[in-house]
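What follows is a set of notes on a single structure, which appears directly below.
The values are calculated or read from the model by the stated rules, or taken from the named source; none is laboratory data. It should be emphasised that the depicted structure is a prediction, and the values quoted were computed from it without experimental measurement. Reconstructed Cβ throughout: ideal geometry from the backbone, glycine too, with neighbour counts over all protein chains shown. Quick note on the areas: whole protein, heavy atoms, side chains included, nothing else; ligands and nucleic acids left out. Shrake-Rupley method; radii C 1.70, N 1.55, O 1.52, S 1.80 Å.
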Amino acid sequence: MAIKMKTVVTYRTKAACPTHARTEIPLRDLTVVVDEPLERGGTNLGATPTEMALAALIACTNVIGHKNAKRLGVDLGEITIDADCKFDRRGVLMEEEIDVPFPEITLTVACTGPATAAQLVDVGAETAKYCAIAKLFTAAGTALTVNWVKVES
């Protein structure tokens, strides 16, 4: 008998905030540390919250991209993801409320495998449908562009 996995789950955690800048978040058997750099009064033990948002987008693109490539029978080879992110800091600087703090993000997913350009377009289109973090950015008004390109290894 096959076990059906739940489609909607609830995440729960209780973060410790030992300083004004550092947050320690237990997730599974890990502790994620989010912090500010020394020049902003942090201890530089982790990425900033906004850096973590970009990192989550990159990681989600990697994971969901590979899942879609496997489902489509596409060999991506090794990939790298280059990010170019515009961040409007006026909100975090308390200068004014900003509706779209990340107005523009471009990711370039460079693949070394034998996948054709057309196959990479298909993987990219499918990934855009299923990457939860990309959906968050897009729904927030970010102009998100993800280019899947073939490169020679």
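Observations on the structure shown:
- To the nearest 10, the accessible area of V109 is 0 Å² with a 1.4 Å probe.
- Global form of region 1-126, assessed from the alpha-carbon gyration tensor, a/c cut-off 1.5: oblate
- Cβ-derived FRET efficiency at R0 35 Å, M5 paired with T116, nearest 0.05: 0.60
- Applying the criteria of a DSSP loop state and at most 16 other Cβ atoms within 10 Å to the trypsin sites (Lys or Arg not before Pro) of region 38-90 yields R89, R90.
- Charging the Cβ of each Asp and Glu at -1 and of each Lys and Arg at +1, and nothing else, the dipole of the chain about its Cα centre rounds to 880 debye.
- H66 accessible area, 1.4 Å probe, all protein chains in place, Å² to nearest 10: 80 Å²
- Cα convex hull volume per residue for region 66-149 (Å³): 84 Å³
- Signed unit charges on C-beta, dipole axis of the chain, positive-most listed residue A125, I79, T7: T7
- Residues E96, E126, E24, sorted by accessible area with the largest first, give E96, E24, E126 [1.4 Å probe; ligands and nucleic acids excluded].
- Comparing Cα centroids, region 80-153 and region 12-41 end up 25 angstrom apart.
- Result for the chain in a Gaussian network model with C-alpha springs under 10 Å: among L30, L136, L107, the largest mean-square fluctuation is at L30.
- When the square roots of the Cα gyration tensor eigenvalues are ordered a ≥ b ≥ c, the ratio a/c for region 1-51 is 1.5 or more and a/b exceeds b/c, which makes its shape prolate.
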